[in-house]
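Just so it is clear, none of the values below were taken in a lab; they were calculated from the coordinates. Because the structure is a prediction, the values reported are computed rather than measured. Counting neighbours? That spans all protein chains shown, and the Cβs are built from the backbone with ideal geometry, glycine included.
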Amino acid sequence: MSDETPAQTRLTHLDENGAAAMVDVGDKAETRRIAVAEGFVKMAPETLALIRAGEAKKGDVIGIARIAGIMGAKRTHELIPLCHPLLLDKITVDVEPDDAMVGLKVTALARVSGKTGVEMEALTAVSVACLTIYDMAKAADRGMEITGIRLLSKSGGRSGDWHAEAPAVPDTAESEAQPS
């Protein structure tokens, strides 16, 4: 993705004829770039208790989800067609129980010194970790919900810093109480 101003007048992955194209970053300066993303896996209270106790049939749900997220970030360019392959400096994936939401919160940080951002790597890490949680615990709870995957912040590049404003996951009780 290009580091032009947020109010862009065209999509950066389209050429002058409207065809899909990889962004040319050859003339851009290398800068330190960081992106943080998050996502949630909502589940039944019994499923969260099972994961916390380490009693899921497939093993350590949180540990394996963390590794899967890291692996996913490293392979982002293989999954998202127009992403550049990046030599990541750092990728962290944290998976924490969230009692208020009843589920697991996944947060990923990706960092690179390069010519293009790492937003997609952070988002891919979160997505793959959430999917792994679902896969590892689906025998106990097929009704789990993956939700709230979004970019929280990015820094570096010509466009500078950006931070999300709205809360990630609405309170379930409030959203169910509102008429549809």
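Couple of notes before you dig in:
- Sorting 81-88, 33-40 by average packing, meaning the other beta carbons within 10 Å per residue, from highest down gives 33-40, 81-88.
- Computed packing ranks the peptides 69-79, 153-163 as 69-79, 153-163, most packed first, by mean other Cβ atoms within 10 Å.
- Quotient of C-alpha Rg and 2.2 N^0.38 Å, computed over the range 31-155: 1.06
- When each of the peptides 125-135, 93-103 is scored by the mean number of other C-beta atoms lying within 10 Å of its residues, the order from highest to lowest reads 125-135, 93-103.
- Distance violations [Cα-Cα > 28 Å] among 42/74; 105/138; 57/105; 74/115; 57/90; 115/138: 57/90; 115/138
- Counting neighbouring Cβ atoms within 10 Å and putting the fewest first, the residues 145, 30, 165, 121 line up as 165, 30, 145, 121.
- Residue-count net charge about residue 143 - beta-carbon cut-off 13 Å; Lys, Arg +1, Asp, Glu -1: 0
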